[in-house]
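Please treat every number below as a calculation from the coordinates, not as lab data. Note that the coordinates shown come from a computational prediction; the quantities given were computed from them, not determined experimentally.
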Amino acid sequence: MSRVAYVNGRYLPHGRARVHIDDRAHNFADGVYEVILAVDGRMVDEEGHMVRLARSLRELDMPAPMSDRALRHIMHQTIARNRVKDGMVYLQVNRGTAPRNHVYDDGLTPTVVCTARSVALPRDADAAPGVKVVTRPDNRWERVDIKTVSLLPNALAKTAAAREGAYEAWLVDDGGFVTECSSSNAWIVDRDGRVVTRPLGVDILPGVTRDRVIALARKNGIAVVERPFSVGEALNAREAFLTSTTSFVKPVTQIDDTTIGNGHPGATTRALLSAYLDFTRRASVADAA
Ligand code: PMP
């Protein structure tokens, strides 16, 4: 079946979906986005993503393109029209189209794009393989808490990682502390079995999966500490993993040239992946009820 994309009020064949060359996202990366997991055709953590989208728009002085309800309707429609059961829905809102000028006018008509695609979900937490990551300097701007399409440093870092045979790049600040990854949040399990991840701030994206995993960990009696951790600490950690909408909870078994733990996905990581997968299935059932 051919894919369908929503662009500014119309559902078009994916290959013919276009935005204008004067769209400010093209010239200035002046747009924000969300990627939401779909399970059995229903969005997971829809609320968290909508709250983050509203925040991104607000922080960039962009008006909401339409009501929340209308945006959700477009995403549901895009999922349904693409016959996605398990997969992802992508929503992008740009400030609008205007002759190229750094200064933007208020009152531009926002560009809204939505796509969806199927992705196989992992079924078995215990079968999830560990991945290698490499560390790279975090050279992004100072407001990476806003989910903008300005992702060039992220793309360069992740491509460099891929060329080294790694799954992700772990980004490191000037003090030697891990901020997050190029497209996911970074975590370790310390020597006392506590799960550690960097606290929210302007220097990381507030991952919706991060929030969910913190809640699931606490519910399962796993202690969570939100504090910065250094590369050195990560290399000596019991376990490491990363989280995102598209990576779920992904065990990390190698950082640069160092093997983490015994080189296999750790028990805490597997427990969190299992809890997260259960949650996504339950969320889609609860939604249907
Ligand atoms: N950090 C960055 C830089 C990201 O791009 C992403 C994925 N969009 C995340 C973290 C994880 O966010 P989420 O769990 O909401 O997908």
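Numbers for the structure displayed
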{"read-out": "Using alpha-carbon coordinates, inclination of helix 152-163 to the longest axis of the chain, degrees", "value": "50"}
{"read-out": "Three-way shape call for the stretch 30-162 based on the alpha-carbon gyration tensor, with the a/c threshold at 1.5", "value": "oblate"}
{"read-out": "Residue-averaged [θ]222 nm for the chain, counting only DSSP H segments that reach four residues, each worth -39500 (n - 2.57)", "value": "-9000 deg cm²/dmol"}
{"read-out": "Bins of 10 Å, starting at 0 and running to the largest distance - Cα pair percent for the chain", "value": "6, 27, 34, 24, 9, 1"}
{"read-out": "Of all DSSP beta bridges in the chain, antiparallel share, percent nearest 5", "value": "80"}
{"read-out": "Average Cα contact separation per residue, the stretch 125-283, under 8 Å, 6 or more apart, as relative contact order %", "value": "26"}
{"read-out": "Fluctuation leader among 133, 39, 119 - the chain, Gaussian network, Cα springs under 10 angstrom", "value": "119"}
